[in-house]
Each structure stands twice: as structure tokens, then as C-alpha cells.
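The values are calculated or read from the model by the stated rules, or taken from the named source; none is laboratory data. The structure displayed is predicted, hence computed values, not measured ones. Cβ coordinates were reconstructed from backbone atoms using ideal geometry, including for glycine residues, and neighbour counts include every protein chain displayed. Heavy atoms of the whole protein, side chains included, go into the accessibility calculation; ligands, DNA and RNA do not. Shrake-Rupley method; radii C 1.70, N 1.55, O 1.52, S 1.80 Å.
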Amino acid sequence: MTIYGERLALANAKAWLYPGAFAPAESRALYRTLYERLDWQESAIRLFGRRVKSPRLSVWYGDKPYTYSGLAWPVRAWRSELIEIRQRVEILAGQAFNGVLCNLYRDGRDSMGWHSDDEQELGPDPVLASVVFGAGRRFVFRSKTEKMQKQEVVLDDGDILIMGAGTQSNWSHAVPKTSKLVGPRINLTFRWIV
């Protein structure tokens, strides 16, 4: 199966969107399996110096521990479904991954604020791959140097977004809240922990 991607117009960054990288029936089946079998947790993160409840459910699977926003995830054995998804993603990214942060957005109130995945354990210029199963949501990039410069994409069911060189160092990204009625969404963000 050939999957075609489109490069996003982000200055000083390489990012590609692969719409429908997972066929609809396959994507629906993976969504159900991940929703039912992953060990979803409600956690607290450190935000502006205080601990707040994370506005989504999450879980980490990976060969190494991972820490962000004061939240430490231990090593957790890969589930077979995640290994299968990772293999497809690694082919598109041309990059190996040894961990995946899984997020469950239950509705439009669940969100992800402005941030860059630039933790020290990801290395100086990490490549990340984001996979979506379930409802589509807005995914917004914002330039770190020119805050008014933004680019928005809708990540739909079965899409893969590869964020390559320069993306984390030059851009922040977010999944904003929405008042629209949207169904649940699972996002898997694959990373390499050095």
C-alpha cells in the first residue's frame, strides 16, 4: 500500500501529514482495541508551578522511562497493537521509536495546551510521529519567534503527522478545546528516548 504525504508549510521545520494512512475499517478496529485495552490514567501535571489535573487521559508504553511537566512515566511493556502501529509509522518517518505517549481526548473539553516536545531525553532535534484514531480535531502550530504566525491542520481518523527537524525547536503546537460536539479521539505520539 502506497501512502502519500503532504509537507506542511512551516518555516524552518520539516513536517508531513499522511491523511488516511490507516483505512477506515482498520482505524475503527484499532480505536476500539486501544480504547478498551490500554491502561488509561488520569494524572496531574505541573503547569506554571502548580499541579493541575491533566485535561485528558494518558498512558506511556516504552523501553525507557519518560518525564514531562513534572510527570514521570516508568518503563511499560509494549502491547502488540502498539507494536504493529509503530512499525507502519517507522517506515513513513524513516526513524525508529522506543516509546509512545497515548492520549485519550474524551470530548471537546479535553485538550493539549501550547508546548513543544523538547525534553532533554528526546535529544536536540527530535522526530515525533503522531497517529490519530477517532474524531478529528484541530491541531495548531505557532511560531516561537512570531507568535501571530500559525498554521492549523485537522487531524482525522487514521491520519499520521510526522514532525521532523526544526519542528520542536521553532514551533509550539496545541490541540485546543472546542465547544463543538466531537466524539472521543485517541492520539499516539511516538518518540525516541535517548
Return the pair list, or none, for Cβ contacts closer than 8 Å from residues in the stretch 10-39 that are of a type in the set (Asp, Glu) to residues that are part of a loop (DSSP other than H, G, I, E, B), at least 6 apart or on different chains. GLU26/GLY158
Candidates VAL100, VAL194 - the one that is surrounded by fewer than 20 Cβ atoms within 10 Å (Cβ to Cβ), under 18 Å from TRP60 (Cβ atoms) and of a type in the set (A, V, I, L, M): VAL194
Residue under question is ARG109, and the condition is that it be touching a Lys or Arg at 6+ places or on another chain (Cβ under 7 Å), surrounded by fewer than 18 Cβ atoms within 10 Å (Cβ to Cβ) and either within 26 Å of LYS53 (Cα to Cα) or of a type in the set (Val, Ile, Thr) (or both); does it hold? yes
Check the stretch 112-119 and report whether any residue there is charged (D, E, K, R), surrounded by 15 or more Cβ atoms within 10 Å (Cβ to Cβ) and either modelled with pLDDT of 95 or more or within 13 Å of the chain's Cα centre (by Cα) (or both). yes
Among (1) within 11 Å of the chain's Cα centre (by Cα); (2) closer than 23 Å to PRO55 by Cα, where does ALA135 come up short? (1)
Conditions: (1) assigned to a loop (DSSP other than H, G, I, E, B); (2) open to solvent by 70 Å² or more (accessible area, probe 1.4 Å); (3) not acidic (Asp, Glu). TRP78 meets all but one. Number of the miss? (2)
For the stretch 148-194 the number of residues that are outside any strand (DSSP E or B), in contact with a strand residue (DSSP E or B) (Cβ under 9 Å, 6 or more places away or on another chain) and among the charged types (D, E, K, R) is 3
Any chance ALA25 is farther than 22 Å from MET163 by Cβ, open to solvent by less than 60 Å² (accessible area, probe 1.4 Å), at pLDDT 95 or above and out of contact with any Lys or Arg (no Cβ under 8 Å at 6 or more places or on another chain): no
Flagged in the stretch 111-138 as assigned to a loop (DSSP other than H, G, I, E, B) and touching a residue at least 60 places away in the same chain (Cβ under 8 Å), in numbering order, are SER111, ASP117, GLY123, PRO126, VAL127
Any residue at all in the stretch 82-97 that is polar (S, T, N, Q), part of a strand (DSSP E or B) and surrounded by 15 or more Cβ atoms within 10 Å (Cβ to Cβ)? no
